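Enquirer: Dropping a structure here in structure tokens format, bear with me for questions.
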Amino acid sequence: SSGINAESQSVLFSFLRSRSEYERFKAFLGTLVGNTDDHTFSNVEQPVNPLIDLDCYIDVEKFKLAKGKMAARDELASSIKQLYLTKKYFFGPASPAPRNIQIKVLGGSGHKMPPRPSSPVLLEVQKYVLLRLNTKWIKHYKSSEEFQRRQDRGGSSLNRRKVNDNAQSFVFVDSKARANAHDMLQLRRTLMDHSKCEPLKRYAKAKSDRLLRDIEFWIEVQRYKDMHHRHSSTSLIRKKIDTIIDCFLDSTVFPKVQVSVPNDIAHKITESRYDLGPYIFRQAQAIVTKVLCNLWNEYNTWCAKFDNQPLPTAFNKLEIEAQQKKLVKQMLKQKQKEEEKERAFLDANTRFLGLILLLQLYCLKS
């Protein structure tokens, strides 16, 4: 069993260390969402979502990588419990583990999962998630026509590189662009708490309107995903998709894309607006999250300067400074326009005078 786990983990890590292979694998899993044709899960009441298996495995791996950071590990463990150790996933009909293992993870029949699951519990959960990823989803992926074609051409990362289980993956480490797990969780908790989010919104607005819209976009996408988890009606989900797209990604107000998302990705989402899946905004939200991580770090650094000063006073100063900068910018822009008009007027006068001189010369010659 341990040999099988080591082998399956090596195969999965080979995907996670290659960005292109990981994206292909994830896209393939996305095509399987809601597919209940497979006889393996024909008796399952709740459809199995392979993307959740992948997310769960990665989140537990992040927990393992946060060695020595107790606060970060505690928050990661609590987050994993809320996201995956529920009746909708690990303790439900779509679980990757059999019923006896589910009871074992709980600590016995009738027991409840504590708010912060222990490390052995999370490792046991990951073991069965990995087992299904390997025996089910990776097996399907490796037998797909697209993967086989790349194998024949020698284009798969599995053929090109030797697997090193000690090497860290881009999924878990992205240098300065990715905040550490603790910061990510703190940011997420702040965005989902109205009272804590309001000061961050004030700071963002003082910096730029786009950053404020990034926060609002992130929150609305999160609400959209929550609607899926609550099994809201199709009409409400459809209305939410239209609202998010019309407000942030395909606005009638300039600019068309109101948030920090590339135009091509915004266009792709707009074209897919009739896809009711929970992950339609996933790529856009991930991009915005990176922007907000940078904002979050700046915000915390700024707040630390005012330990002995009430934050409302600090916010007032920040907003006054931002307003002054905005006015200066507008004045410079207005001055630039006036100078351009003046140059255009002088150019027109010069051309007119030149034309008169030419006419005078012509008259003298005549």
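Enquirer: Would you calculate the separation in nanometres between label points at Q360 and K87, each defined as 7 Å from the Cα along the Cα-to-beta-carbon direction?
Expert: 9.7
Enquirer: Going Cα to Cα from K240, which aspartates and glutamates come in below 20 Å? Please leave out same-chain ones fewer than 8 positions away.
Expert: Partners within reach: D214, E216, E220, D226, D250, E271, D275.
Enquirer: Here's something else I'd like to know. Can you compute the modelled spin-label distance between E23 and N263, with each label point 7 Å from Cα toward Cβ, in nm?
Expert: Computed distance between label sites E23 and N263 equals 2.0 nm.
Enquirer: While we're on this one: For the pair L332 and C303, what calculated FRET efficiency results from E = 1/(1 + (r/R0)^6), where r is the Cβ-Cβ distance and R0 = 35 Å, to the nearest 0.05?
Expert: 0.70
Enquirer: If you don't mind, there's one more thing I want to ask. Give me the distance in nm between label points sitting 7 Å out from Cα along the Cα-to-Cβ direction at H111 and E340, one decimal.
Expert: With each label point 7 Å from Cα toward Cβ, the separation is 7.1 nm.
Enquirer: Something else about it: Using 0.36 nm per residue of separation minus the Cα-Cα distance, give me the extension gain between S144 and N100 in nm, one decimal.
Expert: Taking 0.36 nm per residue and subtracting the Cα distance, the gain is 12.6 nm.
Enquirer: Which of the aspartates and glutamates could be linked to K139 by a straight reach, that is with a Cα gap under 15 Å, when you skip same-chain ones fewer than 8 residues away?
Expert: Here the aspartates and glutamates satisfying the reach criterion relative to K139 are E7, E21, D38, D53.
Enquirer: Sorting check: for 248-254, 142-148, which peptide has the highest mean count of neighbouring beta carbons within 10 Å, and how do the rest follow?
Expert: Descending packing order for the listed peptides: 248-254, 142-148.
Enquirer: State the Cα centre-to-centre distance between the range 44-89 and the range 252-294 in whole Å.
Expert: 25
Enquirer: Give me the lysines in straight-line cross-link reach of K337: C-alpha distance below 22 Å, same-chain residues under 8 apart excluded.
Expert: Straight-line reach from K337, under 22 Å: K325, K326, K329.
Enquirer: While we're here: Just to confirm, what accessible area per residue do you get for the range 184-250 at 1.4 Å probe, in whole Å²?
Expert: Per residue, the range 184-250 has an accessible area of 51 Å².
Enquirer: Give me the percent of the accessible area of the range 243-366 that comes from carbon and sulfur atoms, probe 1.4 Å, all protein chains in place.
Expert: 60
The values are calculated or read from the model by the stated rules, or taken from the named source; none is laboratory data. In this text, all values refer to a predicted model and were calculated from it rather than measured experimentally. Don't worry about glycine lacking a Cβ; one is built from the backbone with ideal geometry, like all the others, and counts go over all protein chains shown. Note: areas computed on protein heavy atoms with side chains; ligands, DNA, RNA excluded. Shrake-Rupley method; radii C 1.70, N 1.55, O 1.52, S 1.80 Å.
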